[in-house]
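Asker: Take this structure, written in structure tokens, and hold onto it; I'll ask about it next.
What follows draws every value from the coordinates through simple rules; no lab data is involved. In this text, all values refer to a predicted model and were calculated from it rather than measured experimentally. Using ideal geometry, Cβ is built from the backbone for each residue, glycine included, and neighbour counts are taken over all protein chains shown.
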Amino acid sequence: MADFIQKTPAAESGRCERAFLVGVQTPDMEPGEAAELLAELRELVENLRIGVVGVELVNLRKPTPATLVGSGKAEEIIAAAKALDADLIVFDEALSPAQQRNWEKASEVAVIDREEVILDIFADRAHTREAVLQVALARMEYSLPRLTRAWTHLSRQRGKGGLGGEGETQLEQDRRLVNDRIVRLKRDLVDVRKQRSVQRQKRQRVPVPTASIVGYTNAGKSTLLNTLTGAQVLAEDKLFATLDPTTRQLQLRGNHKLLVTDTVGFIRRLPHGLVEAFKATLEEVIVADFLVHVLDVTNPNVEKHHATTLGVLAELGAGDKPTITVFNKVDAADEAMIQRARQLVPDALFVSAHTRAGLDALEARCVELIADAFKSTELLVPHARYDVIARLHEFGDIQEQEEREDGVRIKGRFPPSQARYFAPFVLGEK
């Protein structure tokens, strides 16, 4: 093995550059589903700036413990990959640590699965301290049972211990180091979550309703946030363009203010470890007053993207949140795409974050949801207390206003956190 590593060009460069992808169609999958996932895997791999030199789709009736696909099919895949001079084999199915070791021993190239690809993308895109810690934790937990692999991530490293050591003693030392690192990362994440909680509490002291933009990766969430609020969030046509949640204020009609947060995009087969690791980031989804679920109306897999997002939201405990479903990119859609979307979600809105089409309807729906969250209350404010009226304008919604001899009668809504302030002026609730 050592001789092979020294002779391999990819090993000298320290980076895999030519990938051979393997998809698996199992009996419990819908026809064509594996091909769709394999196309998605290609995009994921290319996002790591690795070229795809070949793909193979395997029809698998029953997985085998040693190689997943059986020894005969494994030999065929290795031969095809070597014929194309591939230095990386990527499986769309999850591989156990033992299966990865068996594949790397037989093929003498790096072998990874979809989860490791996503982990590397997340590591490449993380910028804030929180996101960096979350990705590092997920990678450590993923790598712990795989320390005996000849390759770690997409770089080749010599040594039986994966981290460069030799023998059982060194391997145990490596495991202890990784476990210690996991403990430190979890402790650091607790501190970061406390800081985020403090920031959220400060926002909540000023009672502005909140909404989180959620959806499948590359559906246009960041572009929508930028168009609505004038923010400058990174918005690129690639998967997981942004990982860090960004909150901006949106000014709505009726003097309503709304804090809108852009969240990390979801994806089919999102590793469960990443969902767990990113719960601090996704807490913005849990605490939001309502959600804006963005879908790419032009994507042929929009139904599966819709189901994937709903599944992750349910896992986060946010499946029952009031939600506005928004089909984005209508400027690039044909009538058949629109009809398919209407059948999927009949009460959805259709917008274009690029041309601003339909955004007025989206903002109006946000105002309706905000109004539903506030109680309609009648107040009588003395003429000498116009500061009360000013505060209601700032934090609430005035529906009716009438000048009377004994003061100003107002029918309006305000958030529960302001109830104590307005209580002396309340006539009755409806």
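Asker: Taking R0 as 35 Å, what FRET efficiency do you get between Ala423 and Gln343 from their Cβ-Cβ distance, rounded to the nearest 0.05? Intermediate values should be presented prior to the final figure.
Answerer: Details: r = 48 Å, r/R0 = 1.38.
Efficiency, from the Cβ-Cβ distance: 0.15.
Asker: Could I ask something else about it? For each pair in Lys62/Lys82; Lys304/Lys329; Lys221/Lys321; Lys82/Lys105, compute the distance between the two Cα atoms and list the pairs where it is over 20 Å. Each step should come with its number before you reach the end.
Answerer: Numbers: Lys62/Lys82 26 Å; Lys304/Lys329 17 Å; Lys221/Lys321 18 Å; Lys82/Lys105 14 Å.
With Cα atoms farther than 20 Å apart: Lys62/Lys82.
Asker: With the cut-off at 1.5 for a/c, could you classify region 2-122 from its C-alpha gyration tensor as rounded, prolate or oblate?
Answerer: Oblate.
Asker: What is the extension gain from Thr26 to Ala98, computed as 0.36 nm multiplied by their sequence separation minus the C-alpha to C-alpha distance, in nm to one decimal?
Answerer: Result: 23.8 nm gained on full extension.
Asker: Ordered by packing density, taken as the mean number of other Cβ atoms within 10 Å over each peptide's residues, highest first, how do 94-106, 126-138, 400-412 rank?
Answerer: Result, highest mean Cβ count within 10 Å first: 126-138, 94-106, 400-412.
Asker: Continuing with this model, one more query. Under 5 Å between amide hydrogens, which residues at least 5 positions from His354 or on another chain qualify, with H placed 1.01 Å from N in the peptide plane?
Answerer: Lys329
Asker: If packing is taken as the average number of other Cβ atoms within 10 Å across a peptide's residues, how do 173-184, 108-119, 301-312 rank, most packed first?
Answerer: In decreasing order of mean packing, 173-184, 108-119, 301-312 become 108-119, 301-312, 173-184.
Asker: Now a separate question. Taking 22 Å as R0, compute the FRET efficiency from the Cβ-Cβ separation of Leu57 and Leu84 and round it to 0.05.
Answerer: 0.90
Asker: As an exercise, use a Förster radius of 51 Å and the Cβ-Cβ distance of Val198 and Glu46 to find the FRET efficiency, rounded to the nearest 0.05.
Answerer: 0.80
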